[in-house]
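Enquirer: The structure under discussion is supplied below as structure tokens; questions concerning it will follow.
Laboratory data are not the source of any read-out in this text; all were calculated from the coordinates shown. The structure displayed is predicted, hence computed values, not measured ones. For neighbour counting, all protein chains shown are included, and Cβ atoms are generated from backbone atoms with ideal geometry for every residue, glycine included.
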Amino acid sequence: LLLAAVWGWFFWGWYSERQALLSLKLDPDDFVHVQYTTILTPWPNQHLGSACFVLDRAVAVDLLNRSDLTNLTPLARLTNLQQLDLNGTSVTDLAPRVCQSFRRRL
């Protein structure tokens, strides 16, 4: 039961990130615009198989030339984000909530 609860907790984080990427109109499976890393050591992925997908988190997002993008609020849910490319977007201001989220990680 404890193992299922831990897996569910990791799943919720993975699902939340996917929903954030979808709200930005990005395909979470497009590895050209979104790069992932495992939040733990590579051991679970190597030894436990495909159920460890819940450990992958987005670390780089490329929103290059997305002129329709104006709201970056969903980025606050990407807790492991380290690199963000906003070139060519129509974003003029980062929402305070998003900025605070990024500052906590720096």
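Enquirer: Placing one identical point scatterer on every Cα of the chain and ignoring solvent, what is log10 I(q)/I(0) from the Debye formula at q = 0.19, 0.22 Å⁻¹?
Expert: Log10 of I(q)/I(0), two decimals: -0.98, -1.23.
Enquirer: Suppose the chain between Gln82 and Trp12 were pulled fully straight at 0.36 nm per residue; how much longer would it get relative to their current alpha carbon spacing? It would help to have the intermediate numbers written out before the result.
Expert: Values: separation 70, 0.36 × 70 = 25.20 nm, distance 2.04 nm.
Stretched out fully, the Gln82 to Trp12 stretch lengthens by 23.2 nm.
Enquirer: Dipole size in debye (nearest 20) for the chain around its Cα centre, Lys and Arg Cβ +1, Asp and Glu Cβ -1? Walk me through the intermediate numbers first.
Expert: Working: 9 positive and 9 negative charges, 89 e Å.
Computed charge dipole of the chain: roughly 420 debye.
Enquirer: Label points 7 Å out from Cα along the Cβ direction at Thr73 and Thr41: separation in nm?
Expert: 4.1 nm
Enquirer: When DSSP beta bridges are limited to those with both residues in the chain, what percentage is antiparallel, rounded to the nearest 5?
Expert: Working: 5 of 8 bridges.
Roughly 60 percent of the beta bridges in the chain run antiparallel, per DSSP.
Enquirer: Also, I was wondering about something else. Lys/Arg Cβ at +1, Asp/Glu Cβ at -1, dipole of the range 44-94 taken about the Cα centre: which of Leu64, Leu81, Leu48 is farthest positive-ward?
Expert: Projecting each Cα onto the dipole axis, the largest value belongs to Leu48.
Enquirer: How far, in nm, would the chain grow between Leu3 and Ser23 when pulled straight, counting 0.36 nm per residue and subtracting the alpha carbon separation? Kindly include the intermediate steps, with their values, before the conclusion.
Expert: Numbers: separation 20, 0.36 × 20 = 7.20 nm, distance 3.04 nm.
Once the chain is fully extended between Leu3 and Ser23, it gains 4.2 nm.
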